[in-house]
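This report refers to the structure that appears directly beneath it.
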Amino acid sequence: MRACRMPLAEIRQLLDGSDTDAVGLLARHLEELRAQERQVKEAIARTRAAMELLEGVSRMGTREGFEELKQRRLEEFESSYGDEARRRYGADVIDQTNERLMGLSQEEWNEKDRIEKRIIELLAEAKADGDPRGPKAQELCLLHQRWIKIHWGEESYSTEAHCGLARLYLADPRFIDYYDGAAGTGATEFLVAALEANL
């Protein structure tokens, strides 16, 4: 079981002599491993892309490199989510978002990335607390709101649209893989519950 990378708590469950369904437990564990495998493959692809980007950026001037970075990140978004986003929100909305992001200064772009990283940290902390209305969850929601406003713009933001977007996270395995992969199983569901409770 350890060779299967099964958590000790589940192994203990099997060894305590209870009527635990070993095959069922292993089947669930296999599904978790498959999800992790997808995440690792995606992380490898992103790491390779980042290495190529950094190699390209190092050959350019700072300003040119930064503009290339923004362009590549938007191309990655378009490749993964562009068609679907345009169907859901309309081409004009996505074009305006892309234009807004391309207009960010390097400092603003870096702040956006710092916020995204902190959201993941806070999500893990708030989920561990277990209270979607608790202080950590409230801080998480304010930061997530700030991050969304960077993308959508103050004038286009509404809490209803934000909560609607969050509910879509639960219907899209890519978002579940992203949030659950970074902050633990159930993180996406917790984030949605927190946003609905606090926005």
- Summed residue charge, Cβ within 13 Å of A91's Cβ, Lys/Arg positive, Asp/Glu negative: -3
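Can you give the accessible area per residue of the chain, in Å², using a 1.4 Å probe? Display every interim value, and only then the final one.
On the way: 12330 Å² over 199 residues.
Averaged over the residues of the chain, the accessible area is 62 Å².
With r as the distance between the Cβ atoms of D16 and A91 and R0 = 45 Å, compute the FRET efficiency 1/(1 + (r/R0)^6) and round to 0.05.
Values: r = 57 Å, r/R0 = 1.28.
In this case the efficiency is close to 0.20.
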- So for the chain, taking the charge dipole from beta-carbon charges (+1 Lys/Arg, -1 Asp/Glu), which of N110, A3, G134 sits furthest toward the positive end? A3
- What helix-only [θ] at 222 nm does the chain give? Using -39500 (n - 2.57) per DSSP H run of at least 4, over all residues, to the nearest 500, the answer is -26000 deg cm²/dmol
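Given a Förster radius of 45 Å and the C-beta distance between R34 and R133 as r, what FRET efficiency does 1/(1 + (r/R0)^6) yield to the nearest 0.05? Walk me through the numbers before you get to the answer.
On the way: r = 33 Å, r/R0 = 0.74.
E between R34 and R133, to the nearest 0.05, is 0.85.
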- Query: When the dipole is taken about the Cα centre of the chain, and only Lys, Arg (+1) and Asp, Glu (-1) are charged at their Cβ, what size is it in debye, to the nearest 20?
  - Reply: 340 debye
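For the ranges 110-120, 183-193, what's the packing order if you count other beta-carbon atoms within 10 Å of each residue, average per peptide, and put the highest first?
Working: 110-120: 14.5, 183-193: 19.3.
Descending packing order for the listed peptides: 183-193, 110-120.
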- Set K70/K136; K70/K112; K41/K112; K70/K117 screened for pairs whose C-alpha atoms are more than 19 Å apart: K70/K136; K41/K112
- Projected onto the charge dipole of the chain (unit charges on the beta-carbon of Lys, Arg, Asp and Glu, signs +1, +1, -1, -1), the Cα from L101, L30, A197 with the largest positive-side position is that of L30
- Query: K41: accessible area at probe 1.4 Å, nearest 10 Å²?
  - Reply: 130 Å²
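Under the classification rounded if a/c is under 1.5, otherwise prolate if a/b is larger than b/c and oblate if not, where does the stretch 123-199 fall, given a ≥ b ≥ c as square roots of the Cα gyration tensor eigenvalues?
Numbers: a/c = 1.88, a/b = 1.27, b/c = 1.48.
Here the stretch 123-199 falls in the oblate category.
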- Take I44, I176 and sort them by solvent-accessible surface of the protein heavy atoms, 1.4 Å probe, largest at the top. I44, I176
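Using only Cα atoms, what is the ratio of the radius of gyration of the stretch 58-131 to 2.2 N^0.38 Å? Mind showing how you got there, number by number?
Working: Rg = 15.5 Å, N = 74, 2.2 N^0.38 = 11.3 Å.
Relative to the 2.2 N^0.38 Å estimate, the stretch 58-131 comes out at 1.38.
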- Of the labelled options [x] 56, 51, 28; [y] 63, 41, 31; [z] 50, 39, 27, which one gives Cα extents along the principal axes in Å as computed for this structure? [y]
- Carbon/sulfur accessible area of the chain, % of total, 1.4 Å probe, equals 53 percent
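The values are calculated or read from the model by the stated rules, or taken from the named source; none is laboratory data. None of these values were measured; they are calculated from a predicted model. FYI the Cβ positions are ideal-geometry reconstructions off the backbone, even for glycines, and counts take in every protein chain you see. For the accessible areas, the whole protein counts, side chains as well, though only heavy atoms, and no ligand, DNA or RNA atoms are used. Shrake-Rupley method; radii C 1.70, N 1.55, O 1.52, S 1.80 Å.
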